[in-house]
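A short write-up of the structure that comes next.
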Amino acid sequence: MDIGIGLDATLNLSFADQAALSQEAARLGYTSIWTPESTGQDAFQLCSQRWAASCQVLPQGLRTGIRVSPVLYRTPMAFAMSGGTVSQLTGRRFILGLGAGGAYRPRTRQSLGLPRLSTLALMRDYLTTVRRLVAGQEVTYHGEVLTLQGVKLAISPPPRTPVYLGALGPEMLRLAGELADGVCLNWCTPEQIAWSRERIAEGAMRVNRDPAGVQVVEYIRVCVDDDVDVARRAFARSTMGYALGQWVPTERERQLGYRAHFERMGYTAALAELDQMRHQGASADAVADAFPPELLRRVGYYGTPEGAAAAFRRLAAGLDVAIVRVVAARPGMASVRAALHACRPGLVHPTSSPA
């Protein structure tokens, strides 16, 4: 199992900070560095800059990837152009992760002026077309959501960028097994990782594909501090946007995306109680304080640095690439570095020599 590091916009890092952390990750023995993408800074450029910084430590640089980019913000050709360029720049050490984002939410589609659509069909269309484009093929494709007519990426030789799919539910996991180079999981227990692999294998069997060829990667969030209460609150706040969402979900929205994922874990009643607190105007800190600690510890780690490596190793069982997604307990670089060091590969893999 490889171990990567994940840095996101919530850490409020400068470009210089990100470069320094990329170099530190390379020195500590991490093998890859990842970023999610939303509507903030362009993740392709962040990946390029982080890779370039890591080249100061390793001649070939760390592998770098986007995990994941919501497809509603770009066309297939835009993904192929940007991903292909970063692949060419890094010597094919870039991985492109695609995800549905909030496509299943009517409010998200309305904000972008998009009609109602099948999220599964949307991702099938994007996976099919983007993978063909980065393979150098001329693409004519008529899908349920997308149509392309005789388009081709003008990068030679073809960048052949691996394309991963962000997936949680059974049908999206089967789609990944059928079409993707890898699967990006999130907020999973080891039992859910095993369950996800079974669904991936079912999808691969549809097309007589070896499921072992589909890489399984996951963010595992880690928040460390000598004050456990400080770490717990920061970790709970990082969980809220996923488990609860930005607003109290409708009955339909509870059946989809991350909310459905957490309810499949058995937390329907607990999340409903937190929704009721939000209905009544509770502050974000009050909701965070009411989050069940057992839920938080099932999908990540908060606590003192000394316990992080063992918890990370347990949560990473069954993965090909486990990514330390840093949650800062306090503002500033010290909290980020603390998580980086607490889960460095030499501690997670105690039989190997620390870098």
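The values are calculated or read from the model by the stated rules, or taken from the named source; none is laboratory data. Keep in mind that this is a model prediction, so the values were computed, not measured. Methodologically, a virtual Cβ is constructed for each residue, glycine included, from the backbone with ideal geometry; neighbour enumeration extends over all protein chains shown. Only protein heavy atoms, including side chains, enter the accessible area calculation; ligands, DNA and RNA are left aside. Shrake-Rupley method; radii C 1.70, N 1.55, O 1.52, S 1.80 Å.
Which members of the stretch 55-75 meet the condition of being touching a Leu at 6+ places or on another chain (Cβ under 7 Å) and open to solvent by 10 Å² or more (accessible area, probe 1.4 Å)? Within the stretch 55-75, V68, L72 qualify. Summed over the stretch 1-33, the residues that are under 15 Å from the mean Cα position of the chain (by Cα) and either without any contact (Cβ under 8 Å) to a residue 60 or more places away in the chain or open to solvent by less than 30 Å² (accessible area, probe 1.4 Å) (or both) give a count of 9.
Scanning the stretch 34-50 for residues that are within 22 Å of G332 (Cα to Cα) and either crowded, with 18+ Cβ neighbours inside 10 Å or aromatic (F, W, Y) (or both) yields W34, T35, P36, E37, A43, L46, C47, R50. Filtering the stretch 213-227 down to residues that are under 16 Å from L179 (Cβ atoms) and surrounded by fewer than 20 Cβ atoms within 10 Å (Cβ to Cβ), which residue is modelled with the lowest pLDDT? Of everything passing the filter in the stretch 213-227, G213 is modelled with the lowest pLDDT. Cβ-Cβ contacts under 6 Å between residues 6 or more apart (or on different chains), taken from a first residue in the stretch 34-57 that is at positive phi to a second residue that is part of a strand (DSSP E or B), are absent. Within the stretch 300-326, residues that are within 24 Å of R63 (Cβ to Cβ) sit with their Cβ atoms under 7 Å from residues that are among the polar types (S, T, N, Q) and part of a strand (DSSP E or B), at 6+ positions apart or across chains, in these pairs: D320/Q215; V321/S32; V321/Q215. Restricting the stretch 188-236 to residues that are within 21 Å of the chain's Cα centre (by Cα) and in a loop (DSSP other than H, G, I, E, B), the residue that is nearest to R298 (Cα to Cα) is T189.
Checking each residue in the stretch 140-154 for being in contact (Cβ under 8 Å) with a residue 40 or more places away in the chain and either touching a strand residue (DSSP E or B) at 6+ places or on another chain (Cβ under 6 Å) or more than 23 Å from R67 (Cα to Cα) (or both) picks out L148, V151. For residues in the stretch 251-273 being surrounded by fewer than 13 Cβ atoms within 10 Å (Cβ to Cβ) and part of a loop (DSSP other than H, G, I, E, B), which is modelled with the lowest pLDDT? Applying the filter and picking the extreme gives R252. Is one or more of the residues making up the stretch 283-295 buried (at least 21 other Cβ atoms within 10 Å of the Cβ) and either over 26 Å from S196 (Cα atoms) or in contact with a Lys or Arg (Cβ under 9 Å, 6 or more places away or on another chain) (or both)? Yes, the stretch 283-295 contains at least one residue that is buried (at least 21 other Cβ atoms within 10 Å of the Cβ) and either over 26 Å from S196 (Cα atoms) or in contact with a Lys or Arg (Cβ under 9 Å, 6 or more places away or on another chain) (or both).
Of all residues in the stretch 237-250 being buried (at least 17 other Cβ atoms within 10 Å of the Cβ) and not in a helix (DSSP H, G or I), which is farthest from the chain's Cα centre (by Cα)? If we take residues in the stretch 237-250 being buried (at least 17 other Cβ atoms within 10 Å of the Cβ) and not in a helix (DSSP H, G or I), then P249 is farthest from the chain's Cα centre (by Cα). Of the candidates V183, V214, V222, the single residue that is touching a residue at least 60 places away in the same chain (Cβ under 8 Å) and aliphatic (A, V, I, L, M) is V222. Of note, G166 satisfies the criterion of being out of contact with any helix residue (DSSP H, G or I) (no Cβ under 6 Å at 6 or more places or on another chain), within 27 Å of Q88 (Cβ to Cβ) and touching a residue at least 40 places away in the same chain (Cβ under 8 Å).
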